[in-house]
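Bear in mind these aren't lab numbers, they're just calculated from the coordinates by the rules spelled out. Since the structure is predicted, the reported quantities are computational estimates derived from the model, not experimental observations. In this analysis, Cβ positions are derived from the backbone assuming ideal geometry, glycine residues included, and neighbour counts consider all displayed protein chains.
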Amino acid sequence: MSIRRVLLLVVPVAIGLSFGTALAQDEPPATRADARTRLGAPQPAPDPTTDPSPEAPPAADVPPRRPPRPDMMSGDGFGGAGGFGGAGRASGAWYAASWYPSRPVKGQNTDFGAVRQNLSVSAPVWKDGADSLSLTLGVRETHFDTDALLPDTRRPFPRDLWNVNVGASYNHVFENGWVGILRADFGSPSDKPFNSFDELNVSLTALLRVPARNSRDAWMFGLAYSSAGNLNFPLPLISYSWNPSEQFQMNIGLPLSLTWRPAEDWTLNVTYVPLTNINARVTYRATERLNFYAGYENVTESYFLADRADKKDRFFAAEQRVLAGLRWGVLERATLDFNAGYAFGRRFGEGRNQGSDMHDRVDVEPGAFLAGTLRIRF
């Protein structure tokens, strides 16, 4: 691994850990709770314009009947971690890695393997009454071991794909209980990050949460845009967070999410973000610190290749996966996650958006993968 790769992975997280540790030590316990949580605000769903999260949170915060358990959805497939425009992301740091053994490339006499790493830190940096500001730093890198060619232009398949990103989220709680969220992200998803202006990405999200009259539910209105997103136009957002009981919560609209607890220790989580990003997971809580799960994921990432002929093109990486794993709360603020599964529908190619016909398409035969994640909460 090159020195540049190590620095790009480690430096953003080290900075974020410094922010988070200082705040965790200095902030009085009474001020740590987010004002939105005190009002019963729903947990955000995945960002519809950027990478979806295979660890989508429940649709709403509901007071648990038992002590809080580790997050039930996890993994390190295509998509990485994220929230609804990043807003409301829990404070902490996590590192994830996954390994895809070599598999044949369809129509080419070569194999295709990959190793993926993801580092991310999110922490509050300022709070004053009803206003708060948090920062997120992240680096994602996938290294490919292949001699495959992009078939239409005969270019070599990228050796590495990066996404280096920094984001800021501002929350304000109005006197009438409404909550406003503004988030901006800046980064470079590319094989050569920050190579030029054409490899830069800006994402903007604006949300307004309006409590319903029954005080349990809420409306969410917003607009989201990312210049490197799976959709290359602003996406209007409207949804209704329906919370009829502790056992069932549903976000109806865009994005769509569902959390159902049919029994004390069983949970079903489902999320959908247009156009093709779907996550479904069933989790069994064996103990307060140990969860077992199985699920399905259909996710897509997008990048800007530095040598692309059409500067409006994006390079898409998509796959579907079935997986099973366990999550273990090794410490009060630390969890380990291990999972394995089968990846299929693996395809790469360039186009202006997911709905357009892709060129330079590369299809990889299905195969197994292994993944692990370490997560620390501040």
The stretch 256-378: relative contact order from alpha carbon pairs under 8 Å, six or more residues apart, as a whole percent, is 17
Everything considered on the Cα gyration tensor (a ≥ b ≥ c; rounded for a/c under 1.5, else prolate if a/b is larger than b/c, else oblate), the stretch 184-301 must be described as oblate
In nanometres, the difference between 0.36 nm per residue of separation and the alpha-carbon distance of residue 97 and residue 227 is 44.1 nm
Looking only at lysines whose Cα falls under 28 Å of residue 192's and that sit 8 or more positions away or on another chain, we get 106, 311, 312
Each label sits 7 Å from Cα toward the beta-carbon; between residue 347 and residue 170 the label points are separated, in nm, by 4.2
Percent relative contact order for the stretch 97-198, counting Cα pairs under 8 Å at least six residues apart, stands at 21
Residues meeting the amide H criterion for residue 370 (H placed from the backbone, H to H distance under 5 Å, 5 or more places apart or on another chain) are 99
